[in-house]
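What follows is a single structure, written as structure tokens, with notes after it.
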Amino acid sequence: MSARSLNRRQLLSGAGAMIVGFSLIDPRLASAQEPKLAKIPTNPAFDGPAQIELTPDLDSWIKIDADGAISFLTGRVEIGNGILTALQQIIADELSVSFETIDLISGDTDIVPNQGITSATTTIGVAANVIRVAAATARNALLDLAATELGADRAELEIAGGVVTVAGDSSRSVSYGDLVGGKLFDLKVDPDAELKPVEEFTIIGTSVPRTDIPRKLSAAKGDFVENSRVDGMKFARILRAPAFGAKLLKYDETVASQPGIVAVLPFKHPGDERLDRVERLETMPGDFIAVVADREDLAIAAVEQLRKSAEWDASETIPTTSDEVYDWLVANGTAIGLQEDHNAIQAEFDTALAAADQTIEATYSGPYLHYGPISSAWSLADVQGDHATVWTASQWPFGARWMVAQALGYEESEQVQVFGGSSSGLYGRRDDYDQEADVEAAILSQAVGAPVRLQWSRAEEFVWAQYRPPQVVRLQAGLDAGGSITGLSGNIWTAVRGVHPDPMIAGMALMDTPYTVGPLAVEGFDAGPVLRTGYMRNVYSGYNMFALESFMDEIAYSVKADPVEFRMSHLNDERAIDVIRAATEKAGWTAHTEPSGAGIGVSFVLYHKSEGPAATYLAYVAEVDVDEESGAVRVQKMTCALDCGLVVNPDGVKNQVEGGVIQATSWALKEQVTFDRSIVTSHDWATYPILTFPEVPEIDVVIVNRVDQPWKGIGEPVTVPVASAIANAIYDATGARVRHLPLNPDRVKAALDAR
Amino acid sequence: MAEIVIKVNGVSQTVDAAPESQLLYILRNQLHLNGPKFGCGLTQCGACTVLIDGQPVRSCLAPVSIVEDKDVVTLDGLNVDGKPGPVQQAFIDEQAAQCGYCINGMVMMATSLLAKNPNPTDDDIRTHLAANLCRCGTHTRIIKAIKRAAAEGAAQ
């Protein structure tokens, strides 16, 4: 029995507990045996069995009160897609209780199980299955207890509303509360627990309203973790360097003695020991000055004063600019090795190409993108000697805990308690090791001896955050006399800072395509690091698929095939074919073998191989208007069909599709990070505009609900088909092919002029 | 420190501020209001929107001196007996939120729109909200929620 599970049990017990006789293992003893901070915390996001191994005790997942109220703990956090509501539906159905009976607790590292980072579209596809198994273990245990209590066989028992009854004899019944209320199960989670059959679900599959929306609309306590407050908290703002890598030479030290200023603290970065000792701290190099004040407006004013007077040693440390980066990627990339047997496959492809009736080649590209969360990064830290508490928007509270513990010089992560919670949408901004705001806030709190709420400015959020890596994708295909693909080759150039995001998945979406294309040779090249990079919603897949789905259209038209027919003729997968049919029928697609002028374009994506947690099938049809004078594109409508297996919450799925379409339309039409040789130059919403109300398309969603298939996640997949559907629609409208994102007026006009 | 009296959600409060102190931080940090949010601090996104004498104002750069003798209303103040008011309830009924962080601005703008145009068209709404940013892409539902609030308001 570990110290951690004891802490959870004690915290779970609340009033009326019956935990007696356990002695607390001295945590200092445990740390002497193993240097805890040396080990990166496990991230079991993709690994359900590992989640159970990390938290094997059922009592660490669920508690039932004497009155039948059920608390369930999850390691995932709510970042705006309604995931906690879906998990609550699964728990309630598996336990045969009403939805409202469940209190789902998340975000507190002292008590929740580590289910890995809330990212990579793994909550429904992985974490939910673990939760279901834990709930099923509890239900089966309750049935066993009830059988004994009622003197009946399990087979005779029915459950409804948390009450177990002998079938046909309602006088013989017992409630969950009476069976275990306030007591521990003292059981292990059974990975093979008998699950409730899908046919018996009554809550899963319905559009239960989201549990978090009402409090967000009424500004209620606990609405957003951003609204966390601690008595006596101070306010911190930062002056960052004017260039990446710049060193602070001097600043006006009299600012520190102004009224209301608690401290003015310069940081060398790299060079400050507290930052240097944090493994995986991802912020770009650049000294900075932190101001801590009694009032936030005074901190802001002090930063502006310091900005005027500070002197820096700044130089150009970025090897290229946003205009030139694509050529630079191709010139400087070194092979990643995406396919183990690449040489053999490449040889097969070369043979196919040599024998082909026709060959076709095209090169596509996509830029660095800002995550652009509406909330700029922030953190609240309260350091009290050898214990700290942090409130954060992190997608991985356990990762934040580890990094903060290092920054504070602690021996154990457990000296830090992190509260994650419902936050502003993040899209990956606070993934794995992107917890620099927590690290900075904790250091400041430790330095001034008071709780500190650090707020990054909007400019910092744009310039000092990480970005989606850019890509150049060159595709080449061989075609037979009938116009079918006999071989496909993809070369992908990108620039990754370190392994963040993992360059080994740079071609995963392309490699996973279900199209029958003969030998599929894929290689990636990494020219990094240029700017800070990270896991941004769909990571590399969006650009992989922008290239592939544009290319499918280009091939189709070149062999005088209708783009929909052409795709169908390269698919054996019934689910793929069905989803394409659903979208194109809803959109009123009529077959055409050359641009129709209507401005309609299709795209199909299977997000990842069918065994993965996010293996969702999507087909989108975009309808656009193109102003041929200016090159401006207006997406009028997007018709979307998706198959994500068994749907847990239909309205939740629809909400995510709408959101993913709008966000990805914004990326496709408007967005690119701009930078010069010194620093990122897109620094606010004016220099980095996103889609606004007048520009939003009409969105039609068709859900193909497969109750016989496992439920899969959709958070990232819903963004992927958008860019290519729009580019294909632009071609259909005008005969102009745009291969380089964003599809802004300049690029579209250039393509129009080149016709 | 300097003291100023301001009226927020119907209650006069004494706060610690200079005349040029930005209203947003006073509302959030001293009055502990959850409604108005920090998004950009540049008046570019609208997450900080409040109503001052019924007019929408971006509080992140509004000096507190401008609210002297005026009524400030925040999202918190739209609640009726601790429960969501009609515009807020319309948003809840339409499930018009993904992360919900921008929604303060949307509701405050909707409230001011409906006060002067009780029956707005979709285009009226889009124009009125053109400078309010939503990154999650909830625009479609926000428009529906405002139409619903208008219809339910008209029905009363």
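The values are calculated or read from the model by the stated rules, or taken from the named source; none is laboratory data. Predicted, not measured: the structure shown is a model, and the values here were computed from it. Heads up, the Cβs are rebuilt from the backbone with ideal geometry, glycines too, and the neighbour counts pull from every protein chain shown. What goes into the accessible areas is simple: the full protein's heavy atoms, side chains included, and nothing from ligands, DNA or RNA. Shrake-Rupley method; radii C 1.70, N 1.55, O 1.52, S 1.80 Å.
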Computed, not fitted: 222 nm per-residue ellipticity of chain A from DSSP H runs ≥ 4 (each -39500 (n - 2.57)), nearest 500, equal to -9000 deg cm²/dmol
Average Cα contact separation per residue, the stretch A:663-703, under 8 Å, 6 or more apart, as relative contact order %: 36
Mean shadow area of the stretch A:61-149, taken as a quarter of the surface of its Cα convex hull (nm²): 5.9
I'd like the interface area for chains A and B: accessible area of each alone minus the complex, both sides summed, 1.4 Å probe, protein heavy atoms only. What is it in Å² to the nearest 100? 4700
Given the DSSP H assignment, sum -39500 (n - 2.57) over each helix run of at least 4 residues in chain B and divide by its residue total; what's the result at 222 nm in deg cm²/dmol, nearest 500? -9000 deg cm²/dmol
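What translational diffusion coefficient, in µm²/s and rounded to a whole number, does the Stokes-Einstein relation yield for the stretch A:477-547 at 4 °C and a viscosity of 1.567 mPa s, taking the hydrodynamic radius as the Kirkwood radius over Cα pairs?
Numbers: Rh = 13.2 Å.
The calculation lands on 98 µm²/s.
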Please list the equivalent ellipsoid semi-axes of the stretch A:251-336, computed as the square roots of five times the alpha-carbon gyration tensor eigenvalues, in descending order and whole angstrom. 35, 17, 11
Sulfur and carbon atoms: percent of accessible area, the stretch A:132-179 [1.4 Å]: 44
Just the projected area, averaged over all directions, of the convex hull on the alpha carbon atoms of chain B: how many nm²? 8.8
With every protein chain in place, the residues of the stretch B:118-152 shedding 30 Å² or more of accessible area versus the chain by itself (probe 1.4 Å) are B:Arg126, B:Ala130, B:Leu133, B:Arg135, B:Cys136, B:Gly137, B:His139, B:Thr140, B:Arg141
Considering the options A:Ala582, A:Ala167, B:Met109, tell which one lies farthest towards the positive end of the dipole of the protein assembly as shown, charges being +1 on Lys and Arg and -1 on Asp and Glu at the Cβ, about the Cα centre. B:Met109
How large is Rg over Rh for the stretch A:482-613, taking Rg from the Cα atoms and Rh as the Kirkwood inverse mean of 1/r across Cα pairs? 1.01
Only Lys, Arg, Asp and Glu count, each charged at its Cβ (+1, +1, -1, -1), so figure out the dipole size of the stretch A:145-253 about its Cα centre, rounded to 20 debye. 1260
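Would you mind giving the mean number of other chain beta-carbons within 10 Å of the Cβ of each residue in A:414-426, as a whole number?
Averaged over the peptide's residues, the number is 2.
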Towards the positive end of the charge dipole of chain A, with charges on Cβ (+1 Lys, Arg; -1 Asp, Glu), say which of A:Tyr427, A:Ala736, A:Val473 has the farthest Cα. A:Tyr427
Equivalent-ellipsoid semi-axes (√(5λ), Cα gyration tensor) for the stretch B:1-89, whole Å, largest first? 20, 16, 11
Using the alpha-carbon centroid of each, what span in Å lies between the stretch A:571-649 and the stretch A:676-755? 13
Work out, in µm²/s and without decimals, the Stokes-Einstein translational diffusion coefficient of the stretch A:380-482 at 10 °C, 1.306 mPa s, Rh from Kirkwood over C-alpha pairs. 103
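Any chance you could run the full-extension gain for A:Ser309 through A:Asp323? It's 0.36 nm times the residue separation minus the Cα-Cα distance, nm to one decimal.
Values: separation 14, 0.36 × 14 = 5.04 nm, distance 3.22 nm.
My answer for the length gained is 1.8 nm.
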Could you tell me which of rounded, prolate or oblate describes the stretch A:223-294, using a ≥ b ≥ c as the square roots of the eigenvalues of the alpha-carbon gyration tensor, with rounded for a/c under 1.5 and, failing that, prolate when a/b is larger than b/c and oblate otherwise? oblate
Just counting partner chain Cβ atoms within 10 Å, what average do the residues of peptide A:294-300 show around their Cβ? 6
How would you order A:113-124, A:581-592 from highest to lowest mean count of nearby Cβ atoms within 10 Å? A:113-124, A:581-592
Cβ crowding within 10 Å averaged over residues, with A:220-226, A:182-188, A:126-132 ranked highest first: A:126-132, A:220-226, A:182-188
For the stretch A:508-582, max minus min Cα coordinate along each principal axis, in Å, sorted largest first? 41, 25, 20
Subset of A:Lys221/A:Lys712; A:Lys216/A:Lys586; B:Lys83/B:Lys144 violating a 24 Å alpha-carbon distance limit: A:Lys221/A:Lys712; A:Lys216/A:Lys586
Give, ordered by residue number, each residue of the stretch B:70-106 whose 1.4 Å probe accessible area is reduced by a minimum of 40 Å² on adding the remaining protein chains to the chain alone. B:Ile92, B:Gln95, B:Ala97, B:Gln98, B:Cys99, B:Tyr101
How much net charge surrounds A:Tyr251 when only the other residues with a Cβ under 11 Å from the Cβ of A:Tyr251 are counted, with Lys and Arg +1 and Asp and Glu -1? -1
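Between B:Glu20 and A:Gln258, what is the FRET efficiency for a Förster distance of 22 Å, r being their Cβ-Cβ separation, to the nearest 0.05?
0.90
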What Kirkwood hydrodynamic radius, in Å, does the stretch A:684-730 give when the mean of 1/r is taken over all pairs of distinct Cα atoms and then inverted? 14.2
Mind listing which GluC sites (Glu not before Pro) in the stretch B:1-80 are in a DSSP loop and have 16 or fewer other Cβ atoms within 10 Å? B:Glu20, B:Glu68
Positive end of the dipole of the stretch B:1-114, charges at C-beta (+1 Lys, Arg; -1 Asp, Glu), about the Cα centre: which of B:Phe38, B:Pro86, B:Ser59 has its Cα farthest in that direction? B:Phe38
Residue mean of other protein chain beta carbons inside 10 Å, A:691-699: 6
Total charge dipole magnitude, chain A, about the Cα centre, Cβ charges on Lys, Arg, Asp, Glu only, Debye to nearest 20: 1300
Over the residues of the stretch A:273-416, compute the C-alpha Rg and express it relative to 2.2 N^0.38 Å. 1.67
Considering only protein heavy atoms and a 1.4 Å probe, what is the carbon-and-sulfur percentage of the accessible area of the stretch A:512-625? 49
How many angstrom lie between the Cα centre of the stretch B:34-110 and the Cα centre of the stretch A:280-317? 30
Sorted peptide list for A:258-264, A:618-624, A:366-372, A:169-175, criterion being average Cβ within 10 angstrom, highest first: A:618-624, A:366-372, A:258-264, A:169-175
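Counting only C-alpha contacts under 8 Å and six or more residues apart, can you give the relative contact order of the stretch A:252-408 as a whole percent?
It comes to 22 percent, rounded to a whole number.
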The rounded separation in angstrom of the Cα centers of the stretch A:423-498 and the stretch A:188-224 is 30
So, with +1 on the Cβ of K and R and -1 on the Cβ of D and E, and no other charges, what is the size of the charge dipole of the stretch A:550-592 about its Cα centre, to the nearest 20 debye? 60
At 1.4 Å probe radius, can you tell me the per residue accessible area of the protein assembly as shown in Å²? 35
If you line up the Cα atoms of chain A on their principal axes, what length do they span on each, largest first, in Å? 80, 80, 50
Given 20 °C and 1.002 mPa s, how large is the Stokes-Einstein diffusion coefficient of the stretch A:600-679 in µm²/s, with Rh as the Kirkwood radius over Cα pairs? 143
Treat each spin label as a single point 7 Å out from the Cα along the C-beta direction, and report the A:Ala362 to A:Asp341 distance in nm. 3.0
With the 8 Å Cα cutoff and a minimum separation of six or more residues, chain A has a relative contact order in percent of 13
Checked the stretch A:288-368 with the C-alpha gyration tensor, a ≥ b ≥ c its square-rooted eigenvalues, rounded below a/c of 1.5, otherwise prolate if a/b is larger than b/c and oblate if not; verdict prolate
Classify the stretch A:153-199 from the C-alpha gyration tensor, please: rounded if a/c falls under 1.5, else prolate or oblate depending on whether a/b exceeds b/c. oblate
